[in-house]
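Bear in mind these aren't lab numbers, they're just calculated from the coordinates by the rules spelled out. All values derive from a computational prediction rather than experimental measurement. Cβ sites come from the backbone with ideal geometry, for glycine too, and all protein chains shown count toward neighbours.
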Amino acid sequence: MRDLQRPPMIISASYRTDIPAFHAAWFSARLAAGSCRVASPYGGRPSEVRLDREAVDAFVFWTRNVGPFAPVLAELARKRHPFVVQASVLGYPRALDRKVPAPERAIADLAAVATRYGKRVVVWRYDPIVITSLTGADWHAANFARLARSLRGLADEVVVSFAHIYRKTARNLGAAAARDGFTWRDPAPAEKRALIDRLAALAADHGMRLTLCTQPELVGPGAPAASCIDAARLSELAGRPIAARIKGNRPGCACAEARDIGAYDTCLQGCVYCYAVGSEAAARRRMAALDPAAPFLGPEPGTERHPQKT
């Protein structure tokens, strides 16, 4: 029986990597084992995270490709684990999204999830918004409208944000721009707000509420702050209260408290704006060394021979 005295525990899987796309076998093995081990991305000692029904209140999955995860979702549903799928569908040119599934395939997979488990399980993510010479404001409005039309009835919320330009993000975007002949920029706040207003109106036209992820300076009428790890939505899906406190993972984040079980540099989607992959070489090296039966996703602390350079 679940311990009603303990704080709620929500598992995030994962904003550090795409577990549904690449690590279904590892996650399934850890679910069967009842726990996993997680290395701290900031140093310090690794932690043991329980994954059994008595310890976990709900799961939130982040993905560009939910298709390979279908058997795992079915197993979670059989075990009565509530879950939400945060699914990014962007339809970007290949110069930006090198290896993600085509939008038509991604949407078909989400349709299967929504049909089987309900549209409250699916949250569409149109983020990060990247402004380039290939993807200007008008391009985004037309692209968003096309995707929203296809996702109508499959999701009731779309989460958006503009790309956070970290050092490695700028480096990887710059390399891609030089390789593929485009330019990119970080727009001024007024330009960002104008595009958000356009997208919010389009979302409403297709039965969706638009929310903003971790960018409080852009919040306004029609674009409230997102709670990507949403205890209220998870409570509805669980059929009982999950009263997790708000404890975001960075300033301005309105997510409920959760334990993330992912590892950086373990995704091969090839998104050139990604903050979770330092380089394709680092990701390939780590992916080649992964053991699906290991308790850690990614290298066990102290065992990696070629640490990532940042």
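Tabulated results
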read-out: Ranked list, fewest to most other Cβ atoms within 10 Å of each Cβ, for Tyr166, Tyr117, Tyr42; value: Tyr42, Tyr166, Tyr117
read-out: C-alpha center-to-center spacing [the range 88-154, the range 158-185] in angstrom; value: 18 Å
read-out: Considering only the range 10-289, percent of DSSP beta bridges that pair antiparallel, nearest 5; value: 25 percent
read-out: Rounded to 5, the percent of DSSP beta bridges in the range 1-123 classed as antiparallel; value: 25 percent
read-out: Loop-located trypsin sites (Lys or Arg not before Pro) in the range 205-310 whose Cβ has at most 16 other Cβ within 10 Å (DSSP); value: Arg245, Lys247, Arg305, Lys309
read-out: Per residue, the convex hull volume that the Cα atoms of the range 1-62 enclose (Å³); value: 96 Å³
read-out: Per-residue Cβ neighbour rank within 10 angstrom, fewest leading, Leu297, Leu90; value: Leu90, Leu297
read-out: Volume of the Cα convex hull of the range 1-134, divided per residue and given in Å³; value: 137 Å³
read-out: Descending Cα extents along the principal axes, the chain, whole Å; value: 52, 46, 34
read-out: Separation between Cα centres of the range 245-270 and the range 3-52, rounded to whole Å; value: 12 Å
read-out: Relative contact order of the range 200-292, pairs being alpha-carbon contacts under 8 Å that are 6 or more residues apart, as %; value: 18 percent
read-out: Average Cα contact separation per residue, the chain, under 8 Å, 6 or more apart, as relative contact order %; value: 23 percent
read-out: Residue order, fewest to most surrounding Cβ atoms within 10 angstrom, among Val85, Val38; value: Val38, Val85
read-out: Cα-based radius of gyration of the range 105-205 once divided by 2.2 N^0.38 Å, which approximates compact folds; value: 1.21
read-out: Candidate lysines - alpha carbon under 26 Å from Lys119, same-chain residues fewer than 8 apart omitted; value: Lys79, Lys247
read-out: Value of [θ]222 nm, deg cm²/dmol, for the chain, DSSP H segments ≥ 4, -39500 (n - 2.57) each, nearest 500; value: -10000 deg cm²/dmol
read-out: Rounded to whole Å, sorted largest first: equivalent-ellipsoid semi-axes of the range 181-282, Cα gyration tensor; value: 26, 24, 13
